[in-house]
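The values are calculated or read from the model by the stated rules, or taken from the named source; none is laboratory data. Only a predicted model underlies this, so the values are computations on that prediction, with no experimental measurement involved. Using ideal geometry, Cβ is built from the backbone for each residue, glycine included, and neighbour counts are taken over all protein chains shown.
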Amino acid sequence: MMVDDMQLVEGCRKHERKSQEQLYRKYAGEMLRICLAYEPDRDAAKDILQNAFLKVFRNIEAYTGEGALKAWIRRIITNTAIDAYRKKQKDAMLRIDDINELSVPIKEESDPMVCQDLLREVERLPDGARIVFNLYAIEGYGHKEIAEMLNISEGTSKSQLSRARKLLNEQIMSEL
């Protein structure tokens with residue numbers, strides 16, 4: 001039986017386990033892929049997913065029904081992944097490199113196999129470059145927003161994006 005999102009939200013607001021389980025099952029697969037974009041270790045990504053869904057259930061009252069529920073959940077997932085990254089990197093310094101632009105743009109309408117291959121290459125990037133690349137190129141955040149989220153300068157965000165582009169370009173060219 002298919003239950004619509006607002007019914008699930010109402011059930012979750014009443015702390016109904018069945019509604020929480022249905023909401024989780026409906027979105028967990030797609031949201032895990034987002035977690036994996038920020039944390040390539042599958043077990044750690046699953047932990048991020050679990051923590052994010054706990055936040056979803058704790059804060060379900062904040063969902064007003066304006067906009068898609070999936071987008072609201074995605075934002076919580078992304079913020080939780082960023083928080084996990086910050087925690088992991090709190091003592092580490094991001095390296096800054098002066099880098100070239102990636103010559104292979106990502107477009108949603110691209111061939112799904114090409115996108116999957118490129119996403120696998122993105123997973124191989126160093127943490128700082130991967131996180132900034134995901135936020136900028138995939139999530140659509142600007143450098144100012146990224147800088148605020150990661151507690152870095154805009155210049156570092158731009159540098160990490162350039163670094164990611166250069167590394168991706170090198171990875172792609174080495175496979176040709």
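Observations on the model:
- PRO40 falls short on exactly one of the conditions (1) in a helix (DSSP H, G or I); (2) touching a residue at least 60 places away in the same chain (Cβ under 8 Å), and that condition is (1).
- Search result, residues across region 146-163 that are among the charged types (D, E, K, R) and either surrounded by fewer than 20 Cβ atoms within 10 Å (Cβ to Cβ) or not assigned by TED's automatic domain parsing to the domain that holds ASP127 (or both): GLU148, GLU154, LYS158
- Unmet criterion (only one of (1) farther than 25 Å from ASP4 by Cα; (2) surrounded by fewer than 17 Cβ atoms within 10 Å (Cβ to Cβ)) for ALA45: (2)
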